[in-house]
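Reviewing the structure listed below.
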Amino acid sequence: MDRAYRLLAGCITVAGLALQFWLMAHYPSSKSLLTTAIHFFSFFTIQTNVLIAASLLLPAIMPGTRLSQLLSNASIRTAVLAYTLLTALVYFALLRNIGHDDGLERRADEILHYVAPALFFCDWLAFVAKGKVPFRAVPRFLIYPALYVGWTFFYGGLTGWYPYPFVNTKRLDLWHLATNFMGLVLVALVVPYALVALDRLLTTVRRQRA
């Protein structure tokens, strides 16, 4: 059952990614295909959905490979879930009312920010081993977002392009940038700790039932 679910959920996520890339490639402001690809993969949303697709499809299609075994690790899957929940929360709180997305653009946003995170959360609840992720592992979860922030400011400083308005150094002063950054750090900490706490709670409930 988990294999069929992961194949379906992974294909939905890939479809959302493909649709979003196709839309970006046809934006009036779009330049070269290389620039479009760089901008596409510079969104944390895209990166987390790529991780979701890989975490769903590879263990289902090639369960014996080292990469599939790595992506099946409870800590890795919890970290990926934390990243995608962070993405969904930030989108809902700060980005969902920006612009006038409609039609296919709206569908792509919904798949990548709501549908895929929800599908991966259900996978984590149903199929990931519980009681395997210690609280001390959570600080390591922040390494990847920290690297992403570094890339965002590096690339933005070189080109003047930023994927999200709340990190745009060209439009925001230092105070607003610092405030936004601290808010993101707080959410990035709360989400994984909450997930590990939920993991502990589910472990306790299952043991009591057993």
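The values are calculated or read from the model by the stated rules, or taken from the named source; none is laboratory data. Since the model is a prediction, treat every value here as computed from it, not as a measurement. All Cβ positions, even for glycine, are placed from backbone atoms using ideal geometry, and neighbour counts span all protein chains on display.
Here are the numbers for this structure:
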item: Residue check, residue 78 within 25 Å of residue 146 (Cβ to Cβ) and polar (S, T, N, Q); result: yes
item: Set 166, 181: member being under 18 Å from residue 94 (Cα atoms), assigned to a helix (DSSP H, G or I) and touching a residue at least 40 places away in the same chain (Cβ under 8 Å); result: 166
item: Selection status of residue 156, of a type in the set (Gly, Ala, Ser), surrounded by 14 or more Cβ atoms within 10 Å (Cβ to Cβ), more than 20 Å from the chain's Cα centre (by Cα) and part of a helix (DSSP H, G or I); result: yes
item: Failed criterion for residue 147 (all others in (1) closer than 21 Å to residue 53 by Cβ; (2) surrounded by 12 or more Cβ atoms within 10 Å (Cβ to Cβ); (3) free of Cβ contacts under 8 Å to residues at least 60 places away in the same chain hold); result: (2)
item: Segments classed as helices (runs of 4 or more DSSP H), wholly inside the range 2-102, with at least 1 members that are under 28 Å from residue 155 (Cα atoms) and either at pLDDT 95 or above or of a type in the set (Val, Ile, Thr) (or both); result: 2-25, 33-41, 44-61, 74-90
